[in-house]
1. Let me check against my output: what whole-number percent is the relative contact order of region 212-363, with C-alpha pairs under 8 Å and at least 6 apart?
2. Arranged from highest to lowest average of other beta-carbon atoms within 10 Å per residue, in what order do the peptides 98-110, 346-358 appear?
3. Select from 279, 292, 303 the residue farthest towards the positive end of the dipole of region 278-352; place +1 on Cβ of Lys and Arg, -1 on Cβ of Asp and Glu, and compute about the Cα centre.
4. Given the peptides 169-181, 57-69, arrange them by the average over their residues of other C-beta atoms within 10 Å, most packed first.
5. Can you check what the net charge comes to around residue 366, using other residues whose Cβ is under 12 Å from the Cβ of residue 366 (Lys, Arg +1; Asp, Glu -1)?
6. Taking the dipole about the Cα centre of the chain, with the C-beta of Lys and Arg at +1 and of Asp and Glu at -1, give me whichever of 50, 93, 152 is farthest to the positive side.
7. Which of the GluC sites (Glu not before Pro) found in region 256-348 are loop residues per DSSP with 16 or fewer other Cβ atoms within 10 Å of their Cβ?
8. Expressed as a whole percentage, what fraction of the accessible surface of region 299-403 belongs to carbon and sulfur atoms when a 1.4 Å probe is rolled over the protein heavy atoms?
Amino acid sequence: MGQPDQGDETAKPPLGVGMVGYAFMGAAHSQGWRTVGRVFDLPRSPVLAAVCGRDEQAVRAMAGRHGWAAAETDWRALITRDDVDVVDICTPGDSHAEIAVAALAAGKHVLCEKPLANTVEEAETMAAAAAEAAGRGQMSMVGFNYRRLPATALARSMVAEGRLGTLRHVRVTYLQDWLTDPEFPLTWRLRKEKAGSGALGDLGAHIVDLAQYLAGEPLGGVSALTETFVRRRPLPARTSRGLSTTGPVRGSRSDAVTVDDAALFTARFASGALASFEASRFAAGRKNSLRIELNGERGSLAFDLERLNELAYHDHTEPAAHAGFRRILVTEPDHPYLDAWWPPGHGLGYEHTFTHQARDFVRAIADGRPPTPSFADGLQVQRVLAAVEESAGKNSTYTPVAV
């Protein structure tokens, strides 16, 4: 299979990308890598060098579909390839630490999907390896892609500018409904040894990171509840992909679900601001509903992923007679990321977060500048998730986040 067409980007120094994993996140990351050099003016040209997966037939089909030049079936072979400069990890959480540490030791830059790991101990090992590799000029970053929406990036800048003043409240929900059917099969996302946790790690990691990013400060402690509503599920007849399965399951053998279906927790930021979080894969009718609102002494901001080109903003310093929430349409060329896209009013979508993620990582590598969120940031989120699990196991006892 020949090199993919990189257009005019071949005139720039290449940056070979090798990706491990090729299902839902693999497709999303492929879209980002394939698109970024055609949209943004980059100092280096990403080249889709190789993709890796255990199923040779499936990974070769994926490589052809998404433009990868080669396919591997062993990640150890991928990380030693001379044409791979960046290792992009899109596998289940149980393999993140082993692949990332080995890739850093092999001299590669590393992008790792969230959550960073399945345990705090694994995340600590990864963060330590990343810190050591940074001294050799290697960059590492965690894929919290919702930071890369123009609207959330704009919200962060507004908070940093003091538009909200002292922060009082943050409330976040991330709701899905793909597990409401008790006959949905026991995929890897429902096994603790593979996924680490359920809705907590899958959805909760996103909203913990987003809340801390927008607030500009870490969470100090939590009080939590978790629940598993369906405790046994049928085993899938064939391999699962993404949030679905490829084979019939009804009437097959069953096994125990070993992760949470939902997590609910309150928290306190380091400054004293209060926060509430809810993550569930049992919210009937909610497909990918992430909502966050921040209230401060001078105003409020609200974001809804299902209206991802908009922010709601209230300026509390205005006279009450004509004050209220107003819509900001985040499509102007001076909004974050949008100078390279379409005319005002032409919105972006979910896939563009991965293009922006690739842009930021390539620029950080070229500039020799540590990217964010770093592995240390990913470790901090992992410590929040661990505090949530500890609190839920102690009847919601308030649990400080480890520092």
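The values are calculated or read from the model by the stated rules, or taken from the named source; none is laboratory data. Predicted model, so just to flag it, every value in this text is computed and none were measured. Cβ atoms come from the backbone with ideal geometry, glycine included; neighbour counts cover every protein chain shown. For the accessible areas, the whole protein counts, side chains as well, though only heavy atoms, and no ligand, DNA or RNA atoms are used. Shrake-Rupley method; radii C 1.70, N 1.55, O 1.52, S 1.80 Å.
1. Values: 220 pairs, mean separation 20.4, N = 152.
Here the relative contact order equals 13 percent.
2. On the way: 98-110: 21.5, 346-358: 19.6.
Descending mean neighbour count gives 98-110, 346-358.
3. It is 279.
4. Details: 169-181: 19.2, 57-69: 17.4.
Packing order, densest peptide first, comes out as 169-181, 57-69.
5. Details: positive: 12, 44, 359, 363, 369; negative: 41, 85, 360, 367.
Overall, the nearby charge balance is +1.
6. Positive-most Cα among the choices belongs to 93.
7. Working: sites: 278, 293, 297, 306, 310; in loops: 297.
Answer by residue number: 297.
8. Working: 2650 of 5110 Å².
Taking all protein chains in place, region 299-403 shows 52 percent carbon and sulfur surface.
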